[in-house]
Ligand SMILES: [Zn+2]
């Protein structure tokens, strides 16, 4: 458990405050249900600060619904991949928190300033963060995409088509693999 105020880096890009609503069902996120923040950053050679490309928060219920669309096999593959990476980290006597604080990918250890894109994921409740954020560099994200079966990709396609509440840019990002639901 790592309960601290949400770092500003994970604030809503528009409001510059903690996320207030689930991007999918618009539920009030400050009412108590845990939620996940997903944020994708891109580095530009001429800019000091990485720029946020996608930025949204999703309540636990919506996240579970979206994840349930993936085939069991794909989910198991992704979970096993994450677990193995976190175990290796542990064997090196490092933690996701060390990696986050030194601005490195949780699994590859790459400096996030030196990768093309990276994704942050954090579990929060109210204005507190419950665990250290997970940071993934683009090569790791590609590996995770590779673990999803064609069947899962088709299911995600169907899911996003059937759920009108999903913002179009989010559907596209999910199908194109610009974001990975963790
Ligand atoms: Zn929701």
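No lab work stands behind these numbers, since they all come straight from the coordinates. Please read all numbers here as calculations on a predicted model, not as lab measurements. Because the Cβ atoms are built from the backbone with ideal geometry, glycine has one as well, and the counts that use them run over all protein chains shown.
Restricting everything to alpha-carbon atoms, can you work out Rg to Rh for the stretch 59-126 with a Kirkwood hydrodynamic radius?
1.02
Roughly how many Å is it from the Cα centre of the stretch 7-85 to that of the stretch 141-173, as a whole number?
14
Across 5 Å bins from 0, what is the distribution of all Cα-Cα pair distances for the stretch 48-182, in whole percents?
2, 9, 18, 22, 22, 16, 9, 3, 0
Would you compute, from DSSP H runs of 4+ residues alone, the mean residue ellipticity of the chain at 222 nm, taking -39500 (n - 2.57) per run and dividing by the full residue count, rounded to the nearest 500?
Helix contribution divided over all residues of the chain: -11000 deg cm²/dmol.
Classify the stretch 24-96 from the C-alpha gyration tensor, please: rounded if a/c falls under 1.5, else prolate or oblate depending on whether a/b exceeds b/c.
Note, shape of the stretch 24-96 comes out oblate.
Say each of residue 86 and residue 113 gets a label point 7 Å from the Cα, pointing the same way as Cα to Cβ; how far apart are those two points in nm?
Going by the 7 Å Cα→Cβ label model, 2.9 nm.
Take each of the peptides 14-27, 31-44, average the number of other beta-carbon atoms within 10 Å over its residues, and list them starting from the highest. Each step should come with its number before you reach the end.
On the way: 14-27: 15.5, 31-44: 17.5.
Ranked by mean Cβ neighbours within 10 Å, highest first: 31-44, 14-27.
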